[in-house]
Amino acid sequence: MAIEILPARLANQIAAGEVVERPASVVKELVENSIDAGATRIDVDIEKGGSKLIRVRDNGCGISKADLQLALSRHATSKIHSLDDLEAIMSLGFRGEALASVSSVSRLTITSRPADQQEAWSAFAEGREMAVNVKPAAHPVGCTVEVVDLFFNTPARRKFLRTEKTEFGHIDELLRRIALSRFDITINLRHNGTQVRQYRRVPENGDPLRRVKAICGQKFVEHALRIDLHHHDMALTGWICTPEGARQQNDMQHCFVNQRMMKDKLINHAIRQGYEQSLARDQYAAFVLYIDVDPHQVDVNVHPAKHEVRFHQARLVHDFIYQAIYDGLQQASLPEDHSVNPETGEVREAVTYQPRASATANPNPYQQAVDAFPDYPGKRQAGAASPASWSSDTAYKHHANDGPTRGRPSHGSDWPGRADTPSRSPSKQATQAYQALMTPQPDAGADLGGATPTRAMSLSPFDSVPAALDTVSTTTSTGQPGLGKVLSVVEQHYVLMVWGERLWLADHHRLECWRHQGALQPALGEGLVTQPLLIPQRLSASTEECQRVIQYQALLGQFGIHIRPKGQQLMVMSVCQPLRQHNLQAFIPALLAFLAQLDPEQSHMDHSASMCCWLAKQLTVASDPVSLAQAVQTVSDVEQYWQGDALEKGRQRYFKRIDLTSVIEALQHD
């Protein structure tokens, strides 16, 4: 059989098999062309689900008479002109195949008028060679494309169309997604002459949540968390739903890359991983996310319908999305007492961490992602050991509920349906019995914003602070090992212990503060391990605050906190491990306020001791009812951090002996 060149119509029909799947595919191509033309208003008219008529009218730049001759030709486009353009695509269309493919399986007419042209012209193609005919027409500035009798000449394709209702449903869903991608465009949809949808343009300073609510519903907005992250040429913005807003099907998952609708496997995998610990198996996440990257870092020319992309820094993009979702959900799921006090900035969660001397280097995917990024700040040099702080949980922190600075809706993280755990107050009898124990002490957790540093010796609960800590238990002066044995938790917050054949009671909250203070002691020697943030945090700051950071750079470095002043901003590059669990947007300003109250006349050692005590108070959680396991763990940690005389002095300070003499006498004389 001889080799022949296919006729133009047949070649276009073959190409249409990839581009034109159903009426919604035609609407997508035409509306995207309107967007690329700079339209601010797009009207879509549909008849019989799109099989009879698809009309898309816009007020874009239009097509000149000369260009109409080429508009229906294959591989004719105004959007790219060279390979360099193909490698940095920002337009939605670029191949020049859509109109030619659609015109080969329908009766297509284009009517257009650019602003610099006095009259409009209409073009349509017909015949075996798809010859284009152009004639005068009446039309305002813009363009109208009419597609009549879709698949009229390909009966096999036409019979695979679904019902009118189903096909229109696909068109409706498509325009919903497009409306979410461009808030600056008015989109109207009519079906069989009836207005079905009207998405009004959102003004420049308007609230995009109004359109999100119209498309995704009230429930989505009620449970939405605002995401807004920027790093170099990469940004992630939008809204993710809390578990209370989860769906029973994946019908509310909208993702856009450079304003292009996307169903990419890499992106979906990152989002699923971020939600993995928050949703049941039969639940689906709901989100509207916008990913903006340097067009040179993404290839959109990998899928016929452009539904998938290929990222040059795929691992970094994956981890960027995953960590934003995961951290946002984790921060939002914390009860109120476990978050940051918006008035004082108090951080109410603590975790264990290591001194630098005990750190070990372990390779992990987050470090690999940083190594792959060419200009990541503070990236290790080739051949250098990986910092110990890089582990599975050391990617950047993002707090999804960081208030109006992110443009966040007012619903916040108090999700409807979330039952707050009530903290039952001690009874009157218990209050009287434990009155001495509950008397406020100078080291028992203060408001982060109101802490006033004084001399280090007055802040420290001990006369002297050991420079180094042994990890082997020692024996106290009375011959009893450690603090004794934990028996129970009384009134939900008090630890009952036995030591030396006597009963002792301690406030778990104060024990936690003591534990954190012990864990922070390495900062007074070799310093704490610092953990780089994958995405550095930016905070606005005054000139005085920037100068203060420079002044106390060495002090902050001892505690693993590295902040880089840059103009009127502070770049938080790394923090010690416990601070990774908290909202740095609230913590750093409070830290700056603390530094402002330090006495410049004090020595660096005094400042270090004050910082150690202050930070320990902020890391102490105002916890829910304490379990026996928590109490045992806290006491065990205290015994590891404090030894010898320091442990004994702590016992005298934090433990109250329970006198059972009167009770025993009463029982004996009963």
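Every number in this text was worked out from the coordinates using simple rules, so none of it is lab data. Fair warning: this is a prediction, and the values are worked out from it, not measured in the lab. Ideal geometry is used to build each Cβ from the backbone, glycine not excepted, and the neighbour counts take in all protein chains shown.
Using 0.36 nm per residue of separation minus the Cα-Cα distance, give me the extension gain between Ala131 and Arg310 in nm, one decimal.
Stretched out fully, the Ala131 to Arg310 stretch lengthens by 60.7 nm.
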Open item on the list: Filter Lys28/Lys165; Lys52/Lys213; Lys52/Lys265; Lys566/Lys617; Lys48/Lys159; Lys52/Lys159 down to the pairs with a C-alpha to C-alpha distance above 23 Å, please.
Closed with: Lys52/Lys213; Lys52/Lys265; Lys566/Lys617
- [ ] Report the local net charge at Glu47: Lys and Arg +1, Asp and Glu -1, summed over other residues whose C-beta lies under 10 Å from its C-beta.
- [x] +2
Open item on the list: Give the residue list of GluC sites (Glu not before Pro) in region 162-236 that are DSSP loop and have at most 15 other beta-carbon atoms within 10 angstrom.
Closed with: Glu204
